[in-house]
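Undergrad: Take a look at this one; I'll ask things after.
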Amino acid sequence: MKMKKYTAPSISEAMKLVRAELGEDAVIINSKVIVTKKLFGLIKQKNFEVLAGVDQVETKTMSPRLPDLQTNTIQYNEPEEQLKLHIDETLSNELKSEIADLKLMMKSMQKHTIQSELPENFLPYIDFLKRQELSEELITAISDELFVHQKQKEAPLTKEELKEITKTVLRKLLQDLPMGGLSYEKKYINVFGPTGVGKTTTIAKMAARSVLEKKKKVGFITTDTYRIAAIEQLKTYANLLQAPVEIVYNANDYKKAIENFAHLDLVFIDTAGRNYKEAKYVDDLMQMINFDEEVESYLVLALTAKEQDMESIIQQFSEIPIGKYIFTKIDETNSIGTMYNLMIKYNKGLAYYTNGQEVPEDIEEANLDAVLELFFQGEF
């Protein structure tokens, strides 16, 4: 077996070095944290040392079977080319099986290398992170930091320390993403999202706050002509706010509505809640709505949905200049890790999150500190 040591600032970076040199078939034999001191001990730098290895398989050349000297007719077992093919296939199947086993072993070791080094009292906290449905990458990053902090401290980390370390990791990944609600610099507010996410109610909450807190004159445009209930719901909210509503069926109607609302400060556009797994509906929106510099666009997603389904929706809207996400139904789920996964994966900030049906109360404008604290509400 070929073995080599690798040193890197994190386990994930060390694994990249292992794969680059030893390939996907490498296995982790041992790992440990190394803390070095610089500048007369004032600065501590942590690194991870990983010992990895890979088996070197030598292919032996087999000779053709010797002729049977006991018979008058010389017979060969197989032609040379067929024999070689048979040997290659046999070795290939054996190697494939062995490689598959090694890959499973490597994934298992890679996943548990850090966590296995953590004290047993950390395991319930790791389970908490999993129940929150954080991605494996984020759990590994947090585990790395827990590992380092525990190595530097004699006593077990307190519950508050676990929380602060987690917030520090998430803050580094989220701090460059835009947070906050309406800028009030753009006139037209496009709100997109699939059916059932609470899009119309969310628009009403945003509009009500604009009227009550910012004293803005607002209007509504709806392209949701597929559901009569949605139109009536929007009209009810509009009447309460004494705001006009325009129902549009095509691009010409949309253009006329924009002209009619020229005197308003803000125009909220409620798009049709359709099955956005079909690209046709997104194309229809792009043809109807003009995405110029006067527009802010938000994508509404419900935290009660599956993460895989939300990713499909995000990808369908990739051609539309979505500024930030709005997450709804945060009060209807016990796990909100998906919110952090999606923001980090797609490099998209957060405008609002909603926690009920009351208008305009049950909506919160996002800021980084509040979003980080939100992760620990509930069972933690």
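Undergrad: Filtering the range 317-364 down to residues that are touching an Asp or Glu at 6+ places or on another chain (Cβ under 8 Å) and polar (S, T, N, Q), which residue is nearest to Lys199 (Cα to Cα)?
TA: Thr354
Undergrad: With the requirement that a residue be at pLDDT below 90, open to solvent by less than 50 Å² (accessible area, probe 1.4 Å) and out of contact with any strand residue (DSSP E or B) (no Cβ under 7 Å at 6 or more places or on another chain), what does the range 319-364 give you?
TA: Gly356, Val359, Pro360
Undergrad: Does the range 228-246 hold any residues that are open to solvent by 50 Å² or more (accessible area, probe 1.4 Å), modelled with pLDDT of 90 or more and hydrophobic (A, V, I, L, M, F, W, C), and which are they?
TA: Leu240
Undergrad: Within the range 6-30, can you find the residues that are touching a helix residue (DSSP H, G or I) at 6+ places or on another chain (Cβ under 8 Å) and either closer than 21 Å to Leu138 by Cα or not aromatic (Phe, Trp, Tyr) (or both)?
TA: Correct list: Thr7, Ala8, Ser10, Ile11, Ser12, Met15, Glu24, Asp25, Ala26, Val27, Ile28.
Undergrad: Could you please let me know if Lys205 is out of contact with any Pro (no Cβ under 9 Å at 6 or more places or on another chain) and among the basic types (Lys, Arg)?
TA: Answer is no for this residue.
Undergrad: Residue by residue through the range 139-182, note down the ones that are in contact (Cβ under 8 Å) with a residue 60 or more places away in the chain and polar (S, T, N, Q).
TA: Answer for the range 139-182, where residues must be in contact (Cβ under 8 Å) with a residue 60 or more places away in the chain and polar (S, T, N, Q): Thr140, Gln152, Thr166, Gln175.
Undergrad: Continuing with this model, one more query. Taking the range 209-230 as the region of interest, how many residues are touching a strand residue (DSSP E or B) at 6+ places or on another chain (Cβ under 9 Å) and either closer than 15 Å to Val191 by Cβ or basic (Lys, Arg) (or both)?
TA: Residues meeting the conditions: 13.
Undergrad: Somewhere in the range 260-281, is a residue surrounded by 20 or more Cβ atoms within 10 Å (Cβ to Cβ), at pLDDT 90 or above, of a type in the set (S, T, N, Q) and touching a strand residue (DSSP E or B) at 6+ places or on another chain (Cβ under 9 Å)?
TA: no
Undergrad: So is Gln377 open to solvent by 20 Å² or more (accessible area, probe 1.4 Å), more than 21 Å from Ala204 (Cα to Cα) and without any contact (Cβ under 8 Å) to a residue 24 or more places away in the chain or not?
TA: Spelling it out, Gln377 is indeed open to solvent by 20 Å² or more (accessible area, probe 1.4 Å), more than 21 Å from Ala204 (Cα to Cα) and without any contact (Cβ under 8 Å) to a residue 24 or more places away in the chain.
Undergrad: Across the range 7-38, what is the total count of residues that are open to solvent by 70 Å² or more (accessible area, probe 1.4 Å), in a helix (DSSP H, G or I) and not aliphatic (A, V, I, L, M)?
TA: Qualifying residue count for the region: 4.
Condition check ((1) within 19 Å of the chain's Cα centre (by Cα); (2) closer than 26 Å to Asp309 by Cα; (3) open to solvent by less than 30 Å² (accessible area, probe 1.4 Å)) across all residues:
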| site | (1), (2), (3) |
| --- | --- |
| Tyr125 | no, no, yes |
| Glu136 | yes, yes, no |
| Thr166 | yes, no, yes |
| Lys186 | no, no, no |
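Listed here are the residues, each with its yes/no results for (1) of a type in the set (Gly, Ala, Ser); (2) modelled with pLDDT of 90 or more; (3) over 28 Å from Phe376 (Cβ atoms).
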{"position": "Glu154", "(1), (2), (3)": "no, no, no"}
{"position": "Lys159", "(1), (2), (3)": "no, no, no"}
{"position": "Thr166", "(1), (2), (3)": "no, yes, no"}
{"position": "Asp176", "(1), (2), (3)": "no, yes, no"}
{"position": "Gly181", "(1), (2), (3)": "yes, yes, no"}
{"position": "Lys187", "(1), (2), (3)": "no, yes, yes"}
{"position": "Asn190", "(1), (2), (3)": "no, yes, yes"}
{"position": "Ala204", "(1), (2), (3)": "yes, yes, yes"}
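Undergrad: May I pose another question? Ala257 versus (1) surrounded by fewer than 19 Cβ atoms within 10 Å (Cβ to Cβ); (2) out of contact with any helix residue (DSSP H, G or I) (no Cβ under 7 Å at 6 or more places or on another chain); (3) touching a residue at least 12 places away in the same chain (Cβ under 8 Å): which is the lone unmet condition?
TA: Result: Ala257 passes all but (1).
Undergrad: Then there is this: Anything in the range 139-164 that is polar (S, T, N, Q) and open to solvent by 10 Å² or more (accessible area, probe 1.4 Å)? List them, or say none.
TA: Selection gives Thr140, Gln150, Gln152, Thr158.
The values are calculated or read from the model by the stated rules, or taken from the named source; none is laboratory data. Predicted model, so just to flag it, every value in this text is computed and none were measured. All Cβ positions, even for glycine, are placed from backbone atoms using ideal geometry, and neighbour counts span all protein chains on display. Calculation scope for accessible area: heavy atoms of the full protein, side chains included, ligands and nucleic acids excluded. Shrake-Rupley method; radii C 1.70, N 1.55, O 1.52, S 1.80 Å.
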